[in-house]
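Asker: Below: one structure in structure tokens.
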Amino acid sequence: MNSRVPNPESRVPINVLLICGGGGSEHDVSLRTADFIQRHLEAVDDISLARAEMDGNGRLTAPDGRERRLGQDRMLRDDNGAWEVHYVVPSIHGYPGETGDLQSQLELFGIPYYGCGPEASKLCFNKVTTKLWLSALGIDNSPYQFLCSNEPEEIAKATMALQQWGAVFVKASNQGSSVGCYKVTAKEELQRALARAFELSPYVLVEKCLKVRELEVAAYTYEGELIITPPGEVCAPSDTFYSYEEKYAEGSRAVTHVEAQGLSNAQLGWIREASRRAFVGLQLKDLSRIDFFLTDDGGLYLNEVNTFPGMTSISMFPKMLENAGHDFSRYLTSLIRAAVR
């Protein structure tokens, strides 16, 4: 645990509710991210922290199992009474934390919160709309086909893409952390991958498989300034891609570098400008992790925008923030104080 962050002046405690879980495919990772955030907020003098775990039905429970209810009057109630909530940290990967649903509810309740707003969250969680917006902002992204159903005419588009590109990624459009992402190199694999992706999402991307270096930047607001870190790099094992398991499993074989090596000034400049344009143009708030592909022939593509990146022991966002010289506790508490005071 970090040393306690000094209280610069006498302050009334800020009641912060940490909501985690969500009941979806990323529930367990959301708990691990919440553990990381909790350790840092508990080290702050003027933060009073409560935690609630959400299940798939939106039901909240305290760490000891008691049911908790957050009302429109901003009060968190359980068997022990009521507690006024001043600020919420929605530590939920996937639905409803990254989709804008939880943020919409908090805005209806008038409670400030950490992270991007409902529109930006929803837009960036959907891989199709992200690509459309990136193109509108003049930011290159990898070639793809968009499928709106698992019908023969749409399957034909996917088949043609596979024939043209040799290998493709089939991606459910409304899933995070590589959930519903399948690499396909043979025609007989394609229909099965499409069926699995359509089980998870009504829309599917068929994206050209590129041989790339996977680069990531942390883009976040620190004391009123937009910070864009130098890109880090994720090196997945040669026999796989950066799947959900490689991102979060304890036995992950992926290797990460907090600063990528061997990039030219021109490449670093393009990544920085594309990140800035995406953060501003998509109207992101507080934080994001923005991922890029660098191809063997020097091509650069913005791959995706993650509005609530993982914050586990192996996650890149907190590592890059720290590498930029910023303390996570000070970063988050400055956002909380600015929103509440």
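Asker: Could you check segment 70-83 and list, in sequence order, the residues that are open to solvent by less than 50 Å² (accessible area, probe 1.4 Å), free of Cβ contacts under 8 Å to residues at least 24 places away in the same chain and either aliphatic (A, V, I, L, M) or on the phi > 0 side of the Ramachandran plot (or both)?
Answerer: Those that are open to solvent by less than 50 Å² (accessible area, probe 1.4 Å), free of Cβ contacts under 8 Å to residues at least 24 places away in the same chain and either aliphatic (A, V, I, L, M) or on the phi > 0 side of the Ramachandran plot (or both): MET75, GLY81.
Asker: Among the listed residues VAL206, VAL170, identify the single one that is open to solvent by less than 70 Å² (accessible area, probe 1.4 Å), at pLDDT 95 or above and farther than 22 Å from GLY24 by Cα. Spell out how you get there, then give the answer.
Answerer: Details: VAL170 fails: farther than 22 Å from GLY24 by Cα.
Going through VAL206, VAL170 in turn, just one is open to solvent by less than 70 Å² (accessible area, probe 1.4 Å), at pLDDT 95 or above and farther than 22 Å from GLY24 by Cα: VAL206.
Asker: On to the next question. Tell me yes or no: at least one residue of segment 228-249 is in contact with a Pro (Cβ under 9 Å, 6 or more places away or on another chain), within 30 Å of GLY325 (Cβ to Cβ) and either modelled with pLDDT of 95 or more or of a type outside the set (Asp, Glu) (or both). Please lay out each step first, then the result.
Answerer: Step one: filter segment 228-249 for residues in contact with a Pro (Cβ under 9 Å, 6 or more places away or on another chain), giving 246.
Restricting the remaining residues to those that are within 30 Å of GLY325 (Cβ to Cβ) gives 246.
Checking which are either modelled with pLDDT of 95 or more or of a type outside the set (Asp, Glu) (or both) leaves us with none.
No - not one qualifying residue is present in segment 228-249.
Asker: So how many residues does segment 314-336 have that are open to solvent by 30 Å² or more (accessible area, probe 1.4 Å) and among the small types (Gly, Ala, Ser)?
Answerer: If we filter segment 314-336 for residues that are open to solvent by 30 Å² or more (accessible area, probe 1.4 Å), which is where we start, we get 314, 319, 322-327, 330, 334.
From what is left, the residues that are among the small types (Gly, Ala, Ser) are 324-325, 334.
The total comes to 3.
Asker: Could you please let me know if LEU132 is touching a residue at least 12 places away in the same chain (Cβ under 8 Å) and under 27 Å from TRP270 (Cα atoms)? So that I can check it myself, show each step before the final result.
Answerer: Numbers: touching a residue at least 12 places away in the same chain (Cβ under 8 Å): no; under 27 Å from TRP270 (Cα atoms): yes.
For LEU132, the condition - touching a residue at least 12 places away in the same chain (Cβ under 8 Å) and under 27 Å from TRP270 (Cα atoms) - is not met.
Asker: Which residues, counting only those in segment 90-112, are in contact (Cβ under 8 Å) with a residue 24 or more places away in the chain and under 27 Å from ALA172 (Cα atoms)? Break it down into steps so the answer makes sense when it comes.
Answerer: Pass one, segment 90-112, residues in contact (Cβ under 8 Å) with a residue 24 or more places away in the chain: 90-100, 102, 108-112.
Within segment 90-112, PRO90, SER91, ILE92, HIS93, GLY94, TYR95, PRO96, GLY97, GLU98, THR99, GLY100, LEU102 meet the criteria.
Asker: Something else now. Among the residues that make up segment 102-110, is at least one of them in a loop (DSSP other than H, G, I, E, B), out of contact with any helix residue (DSSP H, G or I) (no Cβ under 6 Å at 6 or more places or on another chain) and either modelled with pLDDT of 95 or more or farther than 24 Å from SER178 by Cα (or both)? If you could, list the steps in order and put the result at the bottom.
Answerer: If we filter segment 102-110 for residues that are in a loop (DSSP other than H, G, I, E, B), which is where we start, we get 110.
Still in the list and also out of contact with any helix residue (DSSP H, G or I) (no Cβ under 6 Å at 6 or more places or on another chain): 110.
Narrowing further to those that are either modelled with pLDDT of 95 or more or farther than 24 Å from SER178 by Cα (or both): 110.
Checking segment 102-110: at least one residue is in a loop (DSSP other than H, G, I, E, B), out of contact with any helix residue (DSSP H, G or I) (no Cβ under 6 Å at 6 or more places or on another chain) and either modelled with pLDDT of 95 or more or farther than 24 Å from SER178 by Cα (or both).
Asker: Tally time: how many residues in segment 125-144 are farther than 22 Å from GLY166 by Cα and either in a loop (DSSP other than H, G, I, E, B) or open to solvent by less than 50 Å² (accessible area, probe 1.4 Å) (or both)?
Answerer: Residues of segment 125-144 that are farther than 22 Å from GLY166 by Cα, as a first pass: 125-126, 129-130, 132-139.
Filter once more, keeping what is either in a loop (DSSP other than H, G, I, E, B) or open to solvent by less than 50 Å² (accessible area, probe 1.4 Å) (or both): 125-126, 129-130, 134, 137-139.
Final tally of qualifying residues: 8.
Asker: Please name all residue pairs, on different chains or six or more residues apart, with Cβ atoms under 6 Å, provided the first residue is in segment 317-341 and is within 26 Å of VAL12 (Cβ to Cβ) and the second residue is of a type in the set (S, T, N, Q) and modelled with pLDDT under 95.
Answerer: Here the result reads SER329/ASN2, each pair linking segment 317-341 to a residue that is of a type in the set (S, T, N, Q) and modelled with pLDDT under 95.
Asker: On to the next question. For the structure I just gave you, tell me whether GLN191 is closer than 30 Å to LEU17 by Cα and among the polar types (S, T, N, Q). Spell out the reasoning first.
Answerer: Values: closer than 30 Å to LEU17 by Cα: no; among the polar types (S, T, N, Q): yes.
No.
Asker: If a residue must be modelled with pLDDT of 95 or more, out of contact with any Leu (no Cβ under 8 Å at 6 or more places or on another chain) and of a type outside the set (S, T, N, Q), how many such residues does segment 88-99 contain? Step through it out loud before you land on a result.
Answerer: Just the residues of segment 88-99 that are modelled with pLDDT of 95 or more, to begin with: 88-93, 96-99.
Filter once more, so that each one left must be out of contact with any Leu (no Cβ under 8 Å at 6 or more places or on another chain): 93, 97-99.
With of a type outside the set (S, T, N, Q) added as a condition, the list becomes 93, 97-98.
Total meeting the criteria: 3.
Asker: So, one more: Go through segment 274-319 and count every residue that is among the polar types (S, T, N, Q) and in a helix (DSSP H, G or I).
Answerer: First pass over segment 274-319, keeping only residues among the polar types (S, T, N, Q): 275, 283, 288, 295, 303, 306-307, 312-313, 315.
The next check asks that each one be in a helix (DSSP H, G or I); those that pass are 275.
Adding up the residues that qualify gives 1.
Asker: Over 23 Å from PRO96 (Cα atoms) and part of a helix (DSSP H, G or I): does that describe GLN267? Give the derivation first.
Answerer: Working: over 23 Å from PRO96 (Cα atoms): yes; part of a helix (DSSP H, G or I): yes.
When the stated conditions are applied, GLN267 passes them.
Asker: Does segment 155-163 contain any residue that is surrounded by 21 or more Cβ atoms within 10 Å (Cβ to Cβ) and under 21 Å from the mean Cα position of the chain (by Cα)?
Answerer: no
Asker: Please determine, by comparing only the residues of segment 55-69 that are in contact (Cβ under 8 Å) with a residue 24 or more places away in the chain and exposed (fewer than 14 other Cβ atoms within 10 Å of the Cβ), which one is nearest to GLN103 (Cα to Cα). Break it down into steps so the answer makes sense when it comes.
Answerer: Applying the first criterion (in contact (Cβ under 8 Å) with a residue 24 or more places away in the chain) to segment 55-69 yields 55-58, 60.
Checking the rest, the ones that are also exposed (fewer than 14 other Cβ atoms within 10 Å of the Cβ) come to 55-58.
On the way: ASP55: 17, GLY56: 16, ASN57: 16, GLY58: 13 Å.
So, considering only residues that are in contact (Cβ under 8 Å) with a residue 24 or more places away in the chain and exposed (fewer than 14 other Cβ atoms within 10 Å of the Cβ), the one nearest to GLN103 (Cα to Cα) is GLY58.
Asker: I'm trying to understand the selection: among the residues of segment 281-292, which are within 17 Å of the chain's Cα centre (by Cα) and either aromatic (Phe, Trp, Tyr) or farther than 18 Å from MET316 by Cβ (or both)? Walk me through it before giving the result.
Answerer: The first filter runs over segment 281-292 and keeps only residues within 17 Å of the chain's Cα centre (by Cα), leaving 282-292.
Those that are within 17 Å of the chain's Cα centre (by Cα) and either aromatic (Phe, Trp, Tyr) or farther than 18 Å from MET316 by Cβ (or both): LEU282, GLN283, LYS285, PHE292.
Asker: Counting only residues that are at pLDDT below 95 and buried (at least 22 other Cβ atoms within 10 Å of the Cβ), how many does segment 182-203 have?
Answerer: So the count comes out to 0.
Asker: Name every residue in segment 195-232 that is in contact with a strand residue (DSSP E or B) (Cβ under 9 Å, 6 or more places away or on another chain) and acidic (Asp, Glu), in order of residue number.
Answerer: Within segment 195-232, GLU199, GLU207, GLU214, GLU216 meet the criteria.
Asker: If you don't mind, another one. Being within 25 Å of the chain's Cα centre (by Cα), among the acidic types (Asp, Glu), within 28 Å of ARG330 (Cβ to Cβ) and open to solvent by 40 Å² or more (accessible area, probe 1.4 Å) narrows it down to one of GLU42, GLU98, so name that one.
Answerer: Working: GLU98 fails: open to solvent by 40 Å² or more (accessible area, probe 1.4 Å).
Of GLU42, GLU98, the one residue that is within 25 Å of the chain's Cα centre (by Cα), among the acidic types (Asp, Glu), within 28 Å of ARG330 (Cβ to Cβ) and open to solvent by 40 Å² or more (accessible area, probe 1.4 Å) is GLU42.
The values are calculated or read from the model by the stated rules, or taken from the named source; none is laboratory data. Nothing here was measured: the structure is a model prediction, and the numbers come from that model. Note: ideal-geometry Cβ built from the backbone for every residue, glycine included; neighbour counts use all protein chains shown. To get the accessible areas, we keep the full protein, side chains included, count just its heavy atoms, and leave off ligands, DNA and RNA. Shrake-Rupley method; radii C 1.70, N 1.55, O 1.52, S 1.80 Å.
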